[in-house]
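Asker: This is the structure, below, for whatever I ask next.
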Amino acid sequence: MDRIGRRWPAYAGVVPWALLVLGIVMDMATPKEVSGGPLIVLACVASGVIMSFRATLGLVLVAFTAELLTGFWESVTSGTQQFVDLAYVVVAGALGLDLNRLVIRYGQRITEVRTVAESVQLALLPEPPIRLGGYDIAASYRAAQTEARIGGDLYAVHDSPWGLRVFIGDVRGKGMGAVSTVALLLGAFREPAEDLPTLEELGGRLDRRLTREAPALGEELEMEGFTTAILAEFPHGGHTVRLLNFGHPGPYLVAEGRAPPLDAEVPNLPLGMSGLGQEVSPHQEFAFPPVSSLLFVTDGVTESRNPQGVFFDPVRGLEGMSCSTAKAAVNGLLTRVDAWTGGVSTDDRAVLAVAH
């Protein structure tokens, strides 16, 4: 395991030893004009990056001993040349051990930064109530594994007089600017979600708030900042769902072993782009039958790739999945995405499910 979080390939730990053995064989089986010293030096340096400190130290000691014995074996090798070869091994071994120490220290700092980043993200996105407004709810947020960074995925739920309201979105960009935008949008959603009777009014309030506050969120967000989002409303005691889409991937209705997407006929521009002049399209209403789940996702799910570079298709990937509870739907989706990608993610993934 490297110190950032990825796993080395299975063969990586064998590479330094293979280089060492190959270098020794070359020294013993070839004329003196051909030296395996460069391979031995490379093995010492590579071990510091790939292996643990103890394993690196062990390889360096073996390399030094092997070089010493090889010098005695080759009677034609002068004492001066043997001393130089040993010096090469000592210098390379010291470099490998120092590299190992630096990589460990760097990895510890990255781990600390990732821990802080994820703590901030989870503070903004706490676990929603298991049961709210007569519906079963579950959510999950997974940070990308490639680097320690704070993402811009967000979700929130609120039980309003007009039904359970759901907000899920993806802020363009990463870092503190994205976190500030997430905090801004979550605050802008929770208050008017209780007071505004329609999703169109709620979406307009979010868009105006984001547009007004953009200059304070940094130059990048002021110039090119936007947020894709979906607003959903589940009427109390009803079997329908109202959706207002702002350029976000549509949710998936998991029922009877199938998962068709509920895409908008005319999706609106993302939040923060109302200055382009497009009028907001009205919400759409879809059937939400009993014993079904509606899965809201961010593009970290829809843009997940397998080792061959093929995108994950939730429609096919969710076929035959059980949706007895919202948590089962969330866990089932994430399990299938992990199986598709081999457990590697390059973007944050936010998933929220609502079930009868």
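The values are calculated or read from the model by the stated rules, or taken from the named source; none is laboratory data. Quick caveat, the model's predicted, so the values are computed rather than measured. When we count neighbours, we look across all protein chains shown, and the Cβ atoms used for this are built from the backbone with ideal geometry, even at glycine.
Asker: Looking at (1) over 21 Å from ALA143 (Cα atoms); (2) not in a loop (DSSP other than H, G, I, E, B), find the lone condition where PRO282 falls short.
Answerer: Single failed check for PRO282: (2).
Asker: In addition: Going by the structure shown, is THR302 farther than 18 Å from TYR135 by Cα and surrounded by 21 or more Cβ atoms within 10 Å (Cβ to Cβ)? Working first, answer last.
Answerer: On the way: farther than 18 Å from TYR135 by Cα: yes; surrounded by 21 or more Cβ atoms within 10 Å (Cβ to Cβ): no.
No.
Asker: Looking at GLY79, is it modelled with pLDDT of 75 or more, of a type in the set (Gly, Ala, Ser) and either within 36 Å of the chain's Cα centre (by Cα) or surrounded by fewer than 16 Cβ atoms within 10 Å (Cβ to Cβ) (or both)? Before you say what the answer is, go through the steps one by one.
Answerer: Values: modelled with pLDDT of 75 or more: no; of a type in the set (Gly, Ala, Ser): yes; either within 36 Å of the chain's Cα centre (by Cα) or surrounded by fewer than 16 Cβ atoms within 10 Å (Cβ to Cβ) (or both): yes.
No: the conditions fail for GLY79.
Asker: Another question, if that's okay. Determine the pairs where a residue that is farther than 11 Å from LEU318 by Cβ, located within the range 332-345, has a partner that is in a helix (DSSP H, G or I) with Cβ atoms under 7 Å apart, the partner being 6 or more residues away or on another chain.
Answerer: Every condition considered, the pairs that remain are TRP340/GLY317; SER345/GLY300.
Asker: Does the range 149-164 contain any residue that is at pLDDT below 80 and surrounded by fewer than 20 Cβ atoms within 10 Å (Cβ to Cβ)? Write out each step before concluding.
Answerer: Going residue by residue through the range 149-164, those that are at pLDDT below 80 are 149-152.
Add one more test, that the residue is surrounded by fewer than 20 Cβ atoms within 10 Å (Cβ to Cβ), and what stays is 149.
Yes; the residues of the range 149-164 include at least one that is at pLDDT below 80 and surrounded by fewer than 20 Cβ atoms within 10 Å (Cβ to Cβ).
Asker: Determine whether the range 326-342 contains at least one residue that is assigned to a strand (DSSP E or B) and among the acidic types (Asp, Glu).
Answerer: Residues of the range 326-342 assigned to a strand (DSSP E or B): none.
No: the range 326-342 contains no residue that is assigned to a strand (DSSP E or B) and among the acidic types (Asp, Glu).
Asker: Take the residues in the range 257-279 that are in contact (Cβ under 8 Å) with a residue 24 or more places away in the chain and within 22 Å of ALA139 (Cα to Cα), then tell me which one is surrounded by the most Cβ atoms within 10 Å (Cβ to Cβ).
Answerer: Top of the filtered list is ALA259.
Asker: With respect to the numbered conditions (1) modelled with pLDDT of 90 or more; (2) farther than 21 Å from GLU303 by Cβ; (3) touching a Phe, Trp or Tyr at 6+ places or on another chain (Cβ under 9 Å); (4) not acidic (Asp, Glu), which one is the sole condition not fulfilled by GLY238?
Answerer: Here GLY238 clears every test but (1).
Asker: Here is a check on your reading of the model: is PHE312 within 16 Å of VAL166 (Cα to Cα) and either at pLDDT below 95 or in the same structural domain as PHE189 (by TED's automatic domain parsing) (or both)?
Answerer: Working: within 16 Å of VAL166 (Cα to Cα): no; either at pLDDT below 95 or in the same structural domain as PHE189 (by TED's automatic domain parsing) (or both): yes.
When the stated conditions are applied, PHE312 does not pass them.
Asker: Which pairs have Cβ atoms under 9 Å, sit 6 or more apart or on different chains, and link a residue in the range 104-133 that is surrounded by 14 or more Cβ atoms within 10 Å (Cβ to Cβ) to one that is of a type in the set (Lys, Arg) and at pLDDT 70 or above?
Answerer: Going by the 9 Å Cβ cut-off, the qualifying pairs are GLY133/ARG165.
Asker: Regarding the range 299-322, can at least one residue be identified that is of a type outside the set (Phe, Trp, Tyr) and over 27 Å from the mean Cα position of the chain (by Cα)?
Answerer: Let us first name the residues in the range 299-322 that are of a type outside the set (Phe, Trp, Tyr), namely 299-310, 313-322.
Subset that is over 27 Å from the mean Cα position of the chain (by Cα): none.
Within the range 299-322 (the criterion being of a type outside the set (Phe, Trp, Tyr) and over 27 Å from the mean Cα position of the chain (by Cα)), the answer is no, since none of the residues qualifies.
Asker: So, in the range 212-235, of the ones that are touching a helix residue (DSSP H, G or I) at 6+ places or on another chain (Cβ under 6 Å) and at pLDDT below 85, which residue ends up surrounded by the most Cβ atoms within 10 Å (Cβ to Cβ)?
Answerer: Taking the candidates together, the pick is GLY225.
Asker: Find the residue count for the range 179-207, including only residues that are within 18 Å of ILE230 (Cβ to Cβ) and outside any loop (DSSP other than H, G, I, E, B). Reasoning before the result, please.
Answerer: Applying the first criterion (within 18 Å of ILE230 (Cβ to Cβ)) to the range 179-207 yields 181-182, 184-186, 188-190, 192-193, 196, 198-207.
With outside any loop (DSSP other than H, G, I, E, B) added as a condition, the list becomes 181-182, 184-186, 188-190, 192-193, 199-207.
Counting residues in the range 179-207 that are within 18 Å of ILE230 (Cβ to Cβ) and outside any loop (DSSP other than H, G, I, E, B) gives 19.
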